[in-house]
Amino acid sequence: MPNRLKYEQILDALQTLLKNKNIQTISVSEIAQAAGIGKGSIYYYFPSKEAILEALITRNYEKPLETAKNLAKQTQISPFTRMAMIFQACRNSSSEFLRQGQGASDSVISSQEKAYLHQKYLSHMILELKPALTAIITQGIETGEIHFDYPSALAEIVLIILSIKLDNTLIPSSSENIEDTILGLISLLEKGTENPPGSLNFLTTMVEPMP
């Protein structure tokens, strides 16, 4: 049975190395050395360096994502209120990503490297949040609060827009542009789900753009 302590040591080692090195230049041997274990032991836990990175991303953002998933079970709360909470979870995850990256030196970690790591993070977040948001939308359809034929597609569209806009790293935008995008998304949600214009504007008070 895998040793959980060693598993965490491997993830800690990669996270430490990423503060001063490019992911492409980090070797499995370096990770093993930083973790204080043999290189062969690494492969007992992970098949590749890529798998270690994926596990590290999962660990770093598990808390806000788990909170979002639990919202799918809170059927006593309005689906739109829960959607707003999902949006806030997107923002919290983005804040955590940026906080984690503050220790990295710009002279060592290139913008291309940061974009690569960020793409991995965004993919993970969207994949993890999509089932929860789909369930919330489906519940709203069942109760008659939402009228839409493609809950999974709607969930994916919303998450892609929000994860990129609220994060404001891959496509940097002004606060005004971000606000316009969020208002546009709310308008589309109102029309697409047959809710009166302005009825979902409360979502803007629960989701503030990243500074």
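No lab work stands behind these numbers, since they all come straight from the coordinates. Here the structure is a predicted model, which is why all the values come from computation and not from measurement. Positions of Cβ are generated from backbone atoms using ideal geometry, with glycine treated the same way; all protein chains shown enter the neighbour counts.
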Give me log10 I(q)/I(0) at q = 0.21 Å⁻¹ for segment 24-81, Debye formula, one equal scatterer per alpha-carbon, no solvent. -0.82
For labels at residue 188 and residue 24 in the simple 7 Å Cα→Cβ model, what's the distance in nm? 3.3
In the structure shown, do any of 19/63; 73/165; 6/63; 49/73; 69/120; 120/191 have a Cα-Cα gap over 29 Å, and if so which? 49/73; 120/191
Quick check: residue separation of residue 77 and residue 54 times 0.36 nm, minus the Cα distance between them. What number comes out in nm? 5.0 nm
Computed ³J(HN,Hα) along segment 58-69: with the Karplus parameters 6.51/-1.76/1.60, θ = phi - 60°, integer Hz and x for glycine or proline, the list is 4, 5, 5, 10, 5, 4, x, 5, 5, 4, 5, 4
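Taking 30 Å as R0, compute the FRET efficiency from the Cβ-Cβ separation of residue 145 and residue 67 and round it to 0.05. Walk me through the intermediate numbers first.
Numbers: r = 22 Å, r/R0 = 0.74.
E between residue 145 and residue 67, to the nearest 0.05, is 0.85.
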For segment 133-146, 3J(HN,Hα) per residue [Karplus equation, 6.51 cos²θ - 1.76 cosθ + 1.60, θ = phi - 60°, Hz, x = Gly/Pro]: 5, 4, 5, 5, 5, 4, 4, x, 5, 5, 8, x, 7, 10
